[in-house]
Structures are given as C-alpha cells and as structure tokens.
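Peer 1: Below is a structure I'd like to ask you about.
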Amino acid sequence: MQNILLGAVEKGLGGCIIRSIHKPRLSAILQLPDHLEIIDVIALGKPVETVMLTEVGQDGDIRYYNDENGIHYVPKRSLDELIVN
C-alpha cells in the first residue's frame, strides 16, 4: 500500500489508507467472492490542499495544523529522536 501511495504522489495524486470501513458491506457492494477478504482501502484523488512536513517544535506538539493560507502542516520527529542505538 505504501508503494501505491508513493506512486500516486509521483503522478500528482494524494491518498490515504482507510481501516475504519464496514468490510462485509463493501464486500457485498463489490460482489467479492467469499475467498477474498478486504483488509484496508486506499482512497486516491487530487489533493485540495498543500501539505508541508515540518520538524516538531520545542514544545513537542505533533498536532497537524493549517495556516492562514490553507497550507496543511504535519510536524515530524527527527531521526535522532526515533532511532535508538
């Protein structure tokens, strides 16, 4: 799924993985045979906002936020914070 989403970005698309779905209902709608099981769903489309990755600030807040121009900021921790030797 990660490769699909990365490929979508290269094509100018955005996407997300959806896990909170009613799997039996979706299986019925798609008329899937019983031997196939839905695990996750990927939603793809044209992004309506610009997303910017930023470093987590001194306060440690990792909440996403939008600025006055509608840019969507996603704070990410540094590798030094994530990798344990």
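The values are calculated or read from the model by the stated rules, or taken from the named source; none is laboratory data. Here the structure is a predicted model, which is why all the values come from computation and not from measurement. All Cβ positions, glycine included, derive from the backbone under ideal geometry; neighbour counts span all protein chains shown. All accessible areas refer to the heavy atoms of the entire protein, side chains included, with ligands and DNA or RNA removed. Shrake-Rupley method; radii C 1.70, N 1.55, O 1.52, S 1.80 Å.
Peer 1: Out of curiosity, is S20 surrounded by 12 or more Cβ atoms within 10 Å (Cβ to Cβ) and without any contact (Cβ under 8 Å) to a residue 24 or more places away in the chain?
Peer 2: Considered against the rule, which asks whether it is surrounded by 12 or more Cβ atoms within 10 Å (Cβ to Cβ) and without any contact (Cβ under 8 Å) to a residue 24 or more places away in the chain, S20 comes out as no.
Peer 1: Sticking with this one: Among the residues of segment 5-24, are any of a type in the set (G, A, S) and part of a helix (DSSP H, G or I)?
Peer 2: Yes, segment 5-24 contains at least one residue that is of a type in the set (G, A, S) and part of a helix (DSSP H, G or I).
Peer 1: Out of all the residues in segment 50-65, is one or more touching a Leu at 6+ places or on another chain (Cβ under 9 Å), within 21 Å of I17 (Cα to Cα) and of a type in the set (K, R)?
Peer 2: No.
Results for (1) β-branched (V, I, T); (2) at pLDDT 95 or above, shown as yes or no for each residue.
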residue	(1), (2)
E10	no, no
C16	no, no
H22	no, yes
L26	no, yes
Q31	no, yes
L36	no, yes
I42	yes, yes
V48	yes, no
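Peer 1: Criterion first (surrounded by 11 or more Cβ atoms within 10 Å (Cβ to Cβ) and either part of a loop (DSSP other than H, G, I, E, B) or among the basic types (K, R) (or both)) does L44 satisfy it?
Peer 2: Against the criterion (surrounded by 11 or more Cβ atoms within 10 Å (Cβ to Cβ) and either part of a loop (DSSP other than H, G, I, E, B) or among the basic types (K, R) (or both)), L44 does not qualify.
Peer 1: Here is a follow-up. Can you name the condition, by its number, that P75 falls short on among (1) in a loop (DSSP other than H, G, I, E, B); (2) open to solvent by less than 40 Å² (accessible area, probe 1.4 Å)?
Peer 2: Here P75 clears every test but (1).
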